[in-house]
Structure formats: structure tokens, C-alpha cells
Amino acid sequence: MTEVRTKKLINAPEDIIPQMIAGMVSAHPDILTVEGPTGRAVVAVDGPRDGKVGIVIGGGSGHEPAFAGYVGRGLADAAAVGNVFASPSPEQIMDAARAVDGGAGVMFLYGNYTGDVLNFDMAAEECEGMGIPTRSVQVIDDVASAPKERQHERRGIAGDFFVFKIAGAAAEHGRDLEGCYAAAQSANANTRSMGVALTACSMPQTLKPNFEIGPDEMEIGMGVHGEPGIRRGKVEAADVVTDELLEPILEDMGLKSGDRVAVLVNGLGATGQLELYIIHRRVAEVLGEHGIDIHHSWVGEYVSSLEMAGASITLLKLDDDLQMLLDTPCRTSALTVAG
Amino acid sequence: MTEVRTKKLINAPEDIIPQMIAGMVSAHPDILTVEGPTGRAVVAVDGPRDGKVGIVIGGGSGHEPAFAGYVGRGLADAAAVGNVFASPSPEQIMDAARAVDGGAGVMFLYGNYTGDVLNFDMAAEECEGMGIPTRSVQVIDDVASAPKERQHERRGIAGDFFVFKIAGAAAEHGRDLEGCYAAAQSANANTRSMGVALTACSMPQTLKPNFEIGPDEMEIGMGVHGEPGIRRGKVEAADVVTDELLEPILEDMGLKSGDRVAVLVNGLGATGQLELYIIHRRVAEVLGEHGIDIHHSWVGEYVSSLEMAGASITLLKLDDDLQMLLDTPCRTSALTVAG
Amino acid sequence: MTQIDSAFLIRFFRLASEQLEADRSYLCKLDGAIGDGDHGTSMALGFAAVVERLRRPLMPEPPTPDAILTEAAKAFLSEVGATVGPLYASAFLSGAKCLAAGPLETRQIGTLIRAFADGIRTRGKAETGDKTMLDVWYPAALAAENACGDGAALADILTAITEAATAGRDSTGPMIASRGRAARLNERSIGHIDPGAASAALILSVLPEVIL
Amino acid sequence: MTQIDSAFLIRFFRLASEQLEADRSYLCKLDGAIGDGDHGTSMALGFAAVVERLRRPLMPEPPTPDAILTEAAKAFLSEVGATVGPLYASAFLSGAKCLAAGPLETRQIGTLIRAFADGIRTRGKAETGDKTMLDVWYPAALAAENACGDGAALADILTAITEAATAGRDSTGPMIASRGRAARLNERSIGHIDPGAASAALILSVLPEVIL
Ligand SMILES: Nc1ncnc2c1ncn2[C@@H]1O[C@H](COP(=O)(O)OP(=O)(O)O)[C@@H](O)[C@H]1O
Ligand SMILES: Nc1ncnc2c1ncn2[C@@H]1O[C@H](COP(=O)(O)OP(=O)(O)O)[C@@H](O)[C@H]1O
Ligand SMILES: [Mg+2]
Ligand SMILES: [Mg+2]
Ligand SMILES: [Mg+2]
Ligand SMILES: [Mg+2]
């Protein structure tokens, strides 16, 4: 199996990121534009405004629609787009930061990976040097990636979706940098995910599976870059898998009857909505049994892993403020919340 | 390769459709409900209204978000959901028709396949017998499936997206049955698609690839159920493939400088947005060279083929009425057009 | 069995259903080549639904042959839809008409087969030579009628049916499809057995076991 | 070469770049096992960007060693970002400081290697034993300094470096990662060579060819 090269519709591998960005802008010129010399800062056409906190998200490519798909009015003002699975560079992040700076400071949001932390921190230092106040939020939703005592080490996976959405809405409501940061951190503290992978993904440069997984195996807790998870075993029925993903989330969050959540059942790539909805059915069933209320659900591909087969489940525990921010309208290529 | 079983997150294969429907309704209770004894009619919560033409779409499953993902205010009032790749039955379609009948007649829209035609025609006969006037539109966008002289024999693929959207908007604007039918037929006559497949999909019942395709091959013109296309060859660069898909569309439609189109670059399953945007980039480039204006683009999975890798390109040639209808707000789980 | 009566039909649906279930993936594979790979599933589900329906009480009690075929049509159609739902529903309804006056002699099986074929043709508008299930149903009907008219023994009539069905199935290989999903392939459908013809031959292949 | 000067550095970057490009998929494969499979690509792209940059005119003209390393840092970082961008950028900037007063004797190569290692450590906060590239850079630096201090011949210093680098790389196999992406695997990182250590060993492996 590892001998077969994965087929992809790309041109030269070294051109994929610029060509993807060109494709996004050509598809959504009413929402997106590119600013700065690196060509890697995708900026909302009508997002950044004087006096509004600038929201910059970013990370490696291969997770489409993350990250640039979440750029637009009411959500992120810009995304810094790295190479496949590689953090954007400080220069690329700075292009984004400069484009969104409206005098009220800039907030960076990204998944908690060494590479992203290093690069965004360098950019943040540069901003501070220029007199632009910044705040950084590392999303840490993946319960499979570290125990609760070391939750600050956890990876960011599909929970990006909720944390970005909340941060964008907070900024849209005109909150100041500390207010936006507080909202984003509240979302981050109340978001948990866990995923399962069924097949490997392949980098466009190698077209070879990133890792080996048996023809009847799944990996519970695998990361969105194919980082090993916590258990490998035979593929099981959707309900069994769903329970195995959901249980640690419920436990980690200490959810109880009467709580309200938003749900994201996220496809990693090759797994389609037919399967994702079967998973959501079970999620809703289990939450119902626990007396936990679903405020809103999203089911589809929101933070992908190239063409990996698999899925993840994310819960965001809501309070009134988070709920209001979640419901705040936004218009991006990947998510429209209508007013 | 055919020996390996495709991994899917499902429970018992015979339960997948009811469980998928349960999942959809549990995820989008504000948009969707199920009506009728077959359990296969997914109905818009606030779609059907007295005096409004009822819009019923449908077809086999495995194309998610088609069809039930397009049910909601401003688009379809109901979808009849068949088994994987199999038309819904007349009874299932009747559940949908009864749910949406508001006294102004019902319009059925579906892809042009023998099975769908037979079943929807039986339902239409039954409606007429009950005094519900009906009109049926078979979507025929796939230029690869028959030559222009026999275009009424063409298959319906991703072009469903545009034809359904236009029909739903026409009904939302209060047009009568003939008016809705005229708008849908106008969309149908102005929509053309062509696709390429890189890998096979597997039925949930067999978990075996539906057809054989070499590890370095692609099939141009393949249908959304894996029906053979018009040319098999080595996988080529995205731009080359895009040109091969786009050329017959442009030629068939006779598009010329100054024309306005909407674009859909649709993923079949395993092919992600990174690749789809690279394709859109080239589509925009070629249309630009021809002086053809893009009014709006959608890029993502809109009519899928289980986990098949591949993509299709669809163009809808717009006049003022089609453009107005395309821009009309709608709210469904798969498509929100904000007002 | 000497009559095509209710017992015959019940036994027929049960054995056909078992046969189709056993050959589900073979039929799916045939359909994968020139169609969408679901034919085995639709046929197996459809016949299973019929068998399931016939297990429950039917009016009149005991049910008449035409009541059985009418219920079979409904059960098949409402279970699978698909292309084969309407076609086999029409086949069974047409068979119901042909048995409305009461049971036939077993030797007259060709009459029932022709009724099925006519039902399929009326609904689907195909003709023999279009590379469909009709390329099995009509030749089988003809072979049965001819053998019956020639005064052949029941066993020989059944052999004639099976042979004609097999030959009909194989005859679809070199044909270009002009109905259904495969019709868009033109020459590329050549060399593939039509899945609907193959399932028709499987259905007919159980007749000896039903009857003898 | 007898001096670690501009010519040395230019040659070093060129040879290292070729080596990393040649071993791109080996490094990706190592990274696939305990990371995300991109390490070979990031390293190859980063060093290629440096070589590309050094082909264009640099200030001052001719460029000083520290100017070269400063530009290398910028080129690498802006090309790849990733984890290795900031780490190697810091390495090169720290090397630039160490060469700011002018070229070193080739025998003092350990001083430059240590400067690189210190730069990486300052930026990434890892220590030896954490299963990272530092498990190659520090042992290599130490081996070079010891051999130099012992008065070893240049060739023997280089051998000491290569041996220490290889041993350092292999030492990461049994370690549990506590930095970077692999740190979340706990025991499951055991038994896999760290990709960053492997690429560090590859970089150091070109030194004999640079110098001799
Ligand atoms: N118009 C028709 N008349 C008779 N049989 C047909 C017709 N169209 C298709 N068929 C038969 O149906 C078979 C395909 O059935 P099936 O795979 O269940 O339907 P679908 O093509 O909708 O998936 C074909 O092999 C052919 O024998
Ligand atoms: N904090 C750190 N300090 C030093 N080296 C590190 C650190 N974190 C990771 N590394 C090195 O980086 C390597 C991974 O690099 P790479 O694959 O390019 O980055 P990423 O994990 O972001 O994909 C690891 O093998 C390890 O040697
Ligand atoms: Mg990486
Ligand atoms: Mg079918
Ligand atoms: Mg079929
Ligand atoms: Mg890596």
C-alpha cells in the first residue's frame, strides 16, 4: 500500500500554496484579498476596521477550509497561510498583522504546536516592537493529546472552529483587546475534541502515506497532521467509536445535566457527511441521555487533514456570552451565520 | 487493491439511511424535520406554505450534502432520500410531496437517471390523481454523458446545485407552478458540468471499490455514481485536467465574451479544498481569458460520490432573472445565502 | 407442484430471494463495471422485502395468487425504489393480472414469465436488444411457451427456460446498452454482462427447485 | 579550507542543501512515524532558500561570515516558518555572533557548532535528552571541542564530529520525546529516530567535504 502514490489534482508541488490562495481569492473576491509582500496573508475585504481588534488566525495548510476559509466579516480579519502542515513564518504572519491593525491591537489565534508558537511569538515580538499590542491564544482542545493536568500542552484540532468564531464575534462587537482575549480564552477553556483516523494522508510533495495503518485498523486520538493517538485497534461500529470519542470529552469537561453545548462533527477528508451524520445521531443520543442540551450543531469538513479518512467530535460548553458570540452573524467562505 | 475493504464509520449497513436522516434532523432541528410513514421525506421546518409551490428534490444517498442538505427556507421544501445510489420509491416521494403541498402545486427536481425518472413519474401520477398539479425537472448538466444532439439523455451531476437553488428561489418569490418550472428549466438549460474521478468509491454494503482504476489513472467524464466516463488516462497536472473539463463546457454552452456565469468547483469526496481551489484558480484564469465574468463561485463538496477522489466543474450562465434568483437568500444545512 | 398458485409464488419468492442474496456481490460487481454498483443490493433488498411481506397475513385469507403478486409489487417498490423497483413492481402487477382468473398449470409458466416481461417493458420502454433484463425475460418466456407448445415434459420446459435465460444473459455481453445508466457508455458497455440480465437469470434459475 | 570564512559557509550551505534534498523522503518518513511527515520538505526548502539567497549580491561586498549567516537565518525563516525555521534561524544568528569578530580556524569548528546549538536551545527551550535535534548538535560540538583541545588532526576532529552526530542521532531512538510534536506520544515515541536529529546529522555529515 505504501508503494502506491496518492493521486492529487495539483500542479507543481512547490506551487500549491500560492495557487490555492489565488484560487480562494478568485472564488471569493467579495470576501478575500491578499496583502503584503509574502503573498501569504489572506485578508478580509471588509473585516479590518479602525478601532476594532484585528483577528489573525493561521497555521499550516492541508486543513482546508482552515484557516483562510474563516476569514471574513465577523470572524477572522486575516489568516497567515503556511506550507502544508508547517507554521507560517513570522514575516507571513506580520503581513497579516499589519493588514488588520486598526489601532486596537491584534489577537493571534492558532493551534498549539511548537512551530506555530515559535513563529507567532516572533511575530508578536515584532508587533510589540512596532507598538502594536498583541495577545495570543493557543487552541488546546484535543483531549487525546495530553492528560488534564497538562492540558496547556494539548494540541489544537477542530476546536479552532469554535475558538476562532468566538474571538471574531467578540472583536465584531467592538470589545477591546483584553475583552477579545477573555472571550477567546473562555471559548478555549470550554472546547474539547477528540478524533479518529481510518487512513493516512499524503503530503503533496511525497504523495506517500504519512504513516502506516492496517487495512482494518483505526487510530483513536490521532492528530490532524497524523500524529499518533492513544489507541490503535480494529475499526468498530460508528456508535462504538462515537462513544469512545465522546466519553473522554464529557468527562474532561465535567458536563452535567442542564448544560448547553454547541457540537461540531468534523470530517477529516475522505469521510463524508453520510458517516458524519450517523456520528451526530449518536452524539445527540448520548447528550440527550445526559440531559445536555444542544444549542447548535455543525456537521461537515471544517478542519481537515488532507485526504485522511476519519472524523472528530468537538463540544463547546456555552454560557450566555459564548452563546451570543456564537450566534453573531459572520460571512466567510466556509461559514456563514445569517443575521 | 480491490481486496482491501474500504473503512467506513457506520453501524449496520441496512441502518445507514435512517441513521443518517436521524443525524441530520438532530443536527439541524431548526431547519429539518421528517414527515410521513416511510421516514424518508426530510422536510423544511419553515419551508412549505399555503399558496407557495412545493419544491421536492431527491435521489439516491451517497451524494451528501445532496439532497437533504438543500432543504430549508428559500431552497427545497423537502427531499426524498433513497438508498445509496438508488432512487427513492414513489411512496417516499409521496411523503415529501404531501408534506410540501400548499395548494399551488408541487415541482419535482432530480438528476436524469432511469430509476429516478421511473419513481418520480409514478409519484407524479399519484399526485395528479389526488388533484395536486405537478411539474418535473430532470437535471441534465453532465456534458460527458451524451452529445449535444441527445442532451436530454444527459446525466444530472453537480448541476443539481444550481437548478435546485433557482427553483427554490422562484417558489420563494411566489411564482406559480409554471413560473417555477420555467425558471428551473432555464437554469437546467444554462447549466453544464464535467467531472473527473481519481479513485473509486465503495458501497457501504460491499465496502469494495465499485470499479477498478489504476494507481496512476484518472477517468475524465466519470459520473457521480462511478459510471464510466469518456476517457481514461494517466493523472495529469491540475491545470491540464481543468482545461480538459472546462473546454467541452464552454463549447457546449457557446459562452462568449461578456457573458456572466456562476461557478461551482465540486469535490467528489476525498479531494479537499486545497485541490479544488487550485482548480478554481485555473477556471477563473481561463474564463478571464475568454472575457467571461464570474458573478459568484462555490468551491467545496456540494454533490459528492461517497469517498471518491475527484472533482467536477459546473457553470451556470446567468441572465438577470437567474442572477436575481441565485442571489435570493436561503437557509439550509449545506448552503446559506445571507440577505 | 403442478399449479402456479399461491404456494408456488411464496416458494418462488423465497428461493429467488435466497439466490439473490447469495449473489449480491457478484451482481454489484457487474453493476460496478457499467453502472453504479448497487444492483445486487437493490435486488436482494427488494426480494427480501417481498418475502418479509408474505410472512405476514394477507387478504383474502388464504391469499389468492394475484393478491400475492400485488403485495409483492408494493413491498418491492416501497422498499427499494431504484430502477428495479418500478420495473419489478410492474412485472408483478402484470403477473397478478395474468393470474387473476386463478392458478395456471405449471406447464404454462411461460405465460407468467411473459406477463412479467410485458410489465417490465410497459414501465421501462425498453426492447430486447437494449442490453437490459428484458434480454433474459423475453427469451425465457418464448422458450417456455415453445417447449410447452411442443408438448415437452415439465422438466424439459424448465431446462429450456434456464438455457434461454443463460443464453439471454450472455447475449448482453456484446450489446451496446441503450437503456438505463449504461446507455451513456456507448461502445464502452460492450464486453460486460448486463447486471439486470444476470439477476433475471438468477431469478429464473430457481424455478426447477420451486417446481420439481 | 583552513578557515571558517565566507567561502566555507557558502560551500557548507550548498553541500548541506544537496544532502537534505537527497534525503528529503527519508526525513519525511521518519517524521511521519512520530510527527506530521513534513520535516524533509521543510529542511530541503529552508536550505535551498538559503543557497538561493547566497547566490544574489550581499552587503558588504564581499560579504563577511556574519553577514552570510544573518542572511541565511532570514532566508530560511521566511521561506519555511514551521518549527525548524525559527530554530535554525536562531542557530545561524547565534553563529553570526560567534563569527562577528572574523573567521575562525577550521580546527575551531566546534565553536561554531556550539553556537548553533546554543541558538537552537535559546529559541526552543529544549535540553539534550528531549529527543530533538539538540541531541546531535551538542554532542557534535563537544566532540569537536574535545578533539581540538586534545590537539587532534583536522581529519580526526571531523571524524569525531561525524561519529558523535551519528551516535547522537541514534541515541534519540530509545528516548521519550519531551519537545515538539512528538512530545504528546509519551512511550509511543520510543523506538523511532527523531527526524530533527537525523537531519542535523546529515547537515554535519557534509563538513568533511566542505573542509577537506
Ligand atoms: N428501461 C429499462 N427497462 C428494463 N430494464 C432496465 C431499464 N433500465 C435499466 N434496466 C435494467 O436495470 C439494471 C440496473 O439496475 P440497478 O443497478 O438496480 O439500477 P440503477 O442503474 O438505477 O442503479 C440494468 O442492468 C438493466 O438490466
Ligand atoms: N523545542 C525544540 N527544540 C529543538 N528542537 C525541536 C524542538 N521541537 C521540535 N524540535 C525538532 O524539530 C523536529 C521536527 O521538525 P519539523 O517536522 O520540521 O516540524 P513540525 O513538527 O512542526 O512539523 C523534531 O524532530 C525535533 O528534532
Ligand atoms: Mg509540520
Ligand atoms: Mg443505483
Ligand atoms: Mg445500479
Ligand atoms: Mg514535521
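The values are calculated or read from the model by the stated rules, or taken from the named source; none is laboratory data. Computed from a predicted structure; not experimentally measured. FYI the Cβ positions are ideal-geometry reconstructions off the backbone, even for glycines, and counts take in every protein chain you see.
Below are the figures for this structure:
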item	result
Filter result for D:ILE68 (at pLDDT 95 or above, away from ligand 5 (no atom under 16 Å from the Cβ), under 23 Å from D:SER6 (Cβ atoms) and more than 14 Å from chain A (Cβ to nearest Cβ))	yes
Residue within segment A:175-187 that is crowded, with 18+ Cβ neighbours inside 10 Å and either without any contact (Cβ under 8 Å) to a residue 24 or more places away in the chain or over 14 Å from A:ILE55 (Cβ atoms) (or both) present	yes
Condition check for A:GLY36: on the phi > 0 side of the Ramachandran plot and away from ligand 5 (no atom under 16 Å from the Cβ)	yes
Residue satisfying condition, being within 16 Å of ligand 5 (Cβ to nearest atom) and at pLDDT 95 or above, within set C:LEU93, C:LEU45	C:LEU45
Selection from segment A:1-53 of residues that are of a type in the set (Gly, Ala, Ser), more than 9 Å from every other protein chain (Cβ to nearest Cβ) and touching a strand residue (DSSP E or B) at 6+ places or on another chain (Cβ under 6 Å)	A:ALA41, A:ALA44
Leading residue by the ranking (farthest from ligand 6 (Cβ to nearest atom)) among those in segment D:71-82 that are within 11 Å of chain A (Cβ to nearest Cβ) and part of a helix (DSSP H, G or I)	D:LYS74
Conditions (1) away from chain B (no Cβ under 14 Å); (2) more than 23 Å from D:GLY124 (Cβ to Cβ); (3) touching a Gly at 6+ places or on another chain (Cβ under 6 Å); number of the one not met by A:GLU64	(1)
Residue check for D:ALA101: outside any helix (DSSP H, G or I) and either within 14 Å of chain A (Cβ to nearest Cβ) or within 16 Å of ligand 3 (Cβ to nearest atom) (or both)	no
Residue in segment C:24-46 that is nearest to the other protein chains (Cβ to nearest Cβ), counting only those that are under 27 Å from C:LEU99 (Cβ atoms) and out of contact with any Asp or Glu (no Cβ under 8 Å at 6 or more places or on another chain)	C:SER42
Residue match in segment A:252-261 (condition: without any contact (Cβ under 8 Å) to a residue 24 or more places away in the chain and either within 23 Å of the chain's Cα centre (by Cα) or closer than 30 Å to A:ASP320 by Cα (or both))	yes
Residue check for B:GLU227: buried (at least 24 other Cβ atoms within 10 Å of the Cβ), of a type outside the set (Phe, Trp, Tyr) and either touching a residue at least 40 places away in the same chain (Cβ under 8 Å) or within 10 Å of another protein chain (Cβ to nearest Cβ) (or both)	yes
Residues being of a type in the set (A, V, I, L, M, F, W, C), surrounded by fewer than 23 Cβ atoms within 10 Å (Cβ to Cβ) and near ligand 1 (Cβ under 7 Å from one of its atoms) - total across segment C:104-137	1
Among residues of segment C:18-55, those that are of a type outside the set (A, V, I, L, M, F, W, C), buried (at least 23 other Cβ atoms within 10 Å of the Cβ) and either within 16 Å of ligand 6 (Cβ to nearest atom) or assigned to a helix (DSSP H, G or I) (or both), counted	7
Residue among D:PHE92, D:PHE76 that alone is of a type in the set (Phe, Trp, Tyr), more than 16 Å from ligand 3 (Cβ to nearest atom) and under 14 Å from the mean Cα position of the chain (by Cα)	D:PHE92
Selection count, segment B:293-309, where residues are buried (at least 22 other Cβ atoms within 10 Å of the Cβ) and more than 8 Å from chain A (Cβ to nearest Cβ)	4
Enumeration of residues in segment A:129-150 that are within 28 Å of A:MET94 (Cβ to Cβ) and free of Cβ contacts under 8 Å to residues at least 24 places away in the same chain	A:GLY129, A:MET130, A:GLY131
Close pairs (7 angstrom Cβ cut-off, 6 or more residues apart or separate chains): more than 7 Å from every other protein chain (Cβ to nearest Cβ) and within 17 Å of B:LEU335 (Cβ to Cβ) in segment B:74-91, more than 8 Å from ligand 4 (Cβ to nearest atom) and assigned to a loop (DSSP other than H, G, I, E, B) anywhere	B:GLY74/B:THR328; B:GLY74/B:PRO329; B:LEU75/B:THR332; B:LEU75/B:LEU335; B:ASP77/B:GLY47; B:ASP77/B:PRO48; B:ALA79/B:PHE67
Failed criterion for D:THR106 (all others in (1) under 30 Å from A:THR206 (Cβ atoms); (2) modelled with pLDDT of 95 or more; (3) of a type in the set (Val, Ile, Thr) hold)	(1)
Residue in segment D:21-69 that is nearest to A:PRO228 (Cα to Cα), counting only those that are more than 16 Å from ligand 2 (Cβ to nearest atom) and under 15 Å from the mean Cα position of the chain (by Cα)	D:VAL51
Per-region count, segment B:259-292, residues within 10 Å of chain A (Cβ to nearest Cβ) and of a type in the set (Asp, Glu)	2
Subset of segment B:233-258 [away from every other protein chain (no Cβ under 14 Å) and acidic (Asp, Glu)]	B:GLU247, B:GLU251, B:ASP252
Inter-residue pairs, beta-carbon under 7 Å, first more than 7 Å from chain C (Cβ to nearest Cβ) and in segment B:110-121, second part of a helix (DSSP H, G or I) and away from ligand 4 (no atom under 13 Å from the Cβ), 6+ apart	B:TYR110/B:PHE120; B:GLY111/B:ASP160; B:PHE120/B:ILE93
Helices (runs of 4 or more DSSP H) wholly inside segment C:114-209 containing at least 1 residues that are within 14 Å of another protein chain (Cβ to nearest Cβ)	C:134-149, C:195-205
Which listed residue, of A:SER89, A:SER61, is touching an Asp or Glu at 6+ places or on another chain (Cβ under 9 Å) and within 19 Å of A:ASN119 (Cα to Cα)	A:SER89
Yes/no for D:GLY85 being within 14 Å of chain A (Cβ to nearest Cβ), of a type outside the set (A, V, I, L, M, F, W, C) and more than 24 Å from D:GLY32 (Cα to Cα)	no
Residue within segment B:51-63 that is among the small types (Gly, Ala, Ser), surrounded by fewer than 23 Cβ atoms within 10 Å (Cβ to Cβ) and either more than 26 Å from B:ALA338 (Cα to Cα) or without any contact (Cβ under 8 Å) to a residue 24 or more places away in the chain (or both) present	no
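Quick grid of which residues meet (1) without any contact (Cβ under 8 Å) to a residue 60 or more places away in the chain; (2) of a type in the set (A, V, I, L, M); (3) at negative phi:
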| site | (1), (2), (3) |
| --- | --- |
| C:TYR88 | yes, no, yes |
| C:ALA96 | yes, yes, yes |
| C:LEU104 | no, yes, yes |
| C:LEU112 | no, yes, yes |
| C:ASP135 | no, no, yes |
| C:ASN146 | yes, no, yes |
| C:ASP156 | yes, no, yes |
| C:ALA160 | yes, yes, yes |
